[in-house]
Amino acid sequence: MARVVIHKEKGPMEIKVGKETKAICMCGLSKNKPFCDGSHNQTLDEQEGKIYKYDNNGKRTEVKNF
Ligand code: FES
């Protein structure tokens, strides 16, 4: 079974765990979920109003008919 999940965030959410700060992936692209691995940098030049798809290698394509 497969599903499409849309993520709109372009960066992590920081949470406190004891005295440590952890960055939780909110963009959906991290290969180290639930933690941010910096992959969100790929989203920084996305254009408003467009939808993109990323493959497992980080290659981005625009979704035209969604
Ligand atoms: S927020 Fe997803 S990799 Fe950083």
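Every number here is computed from the coordinates shown, using simple stated rules; none is lab data. A quick note: this is a predicted structure, and the numbers were derived from the prediction, not measured. We place every Cβ from the backbone using ideal geometry, glycine too, and count neighbours over all the protein chains shown.
Observations on the structure shown:
- Of every Cα-Cα pair in the range 5-66, the percent that sits beyond 15 Å: 53 percent
- Sequence-separation-based contact order of the range 1-41, relative, with Cα cut under 8 Å and 6+ spacing, percent: 33 percent
- Magnitude of the charge dipole, the chain, Cβ model with Lys/Arg +1 and Asp/Glu -1, debye to 20: 200 debye
- Backbone geometry of the range 55-61 corresponds, through the Karplus equation with coefficients 6.51, -1.76 and 1.60 at θ = phi - 60°, to 3J(HN,Hα) couplings of 8, 5, 9, x, 6, 9, 9 Hz, x marking Gly and Pro.
- Taking every lysine pair in the chain that is 8 or more places apart or spans two chains, those with Cα atoms closer than 13 Å amount to 5.
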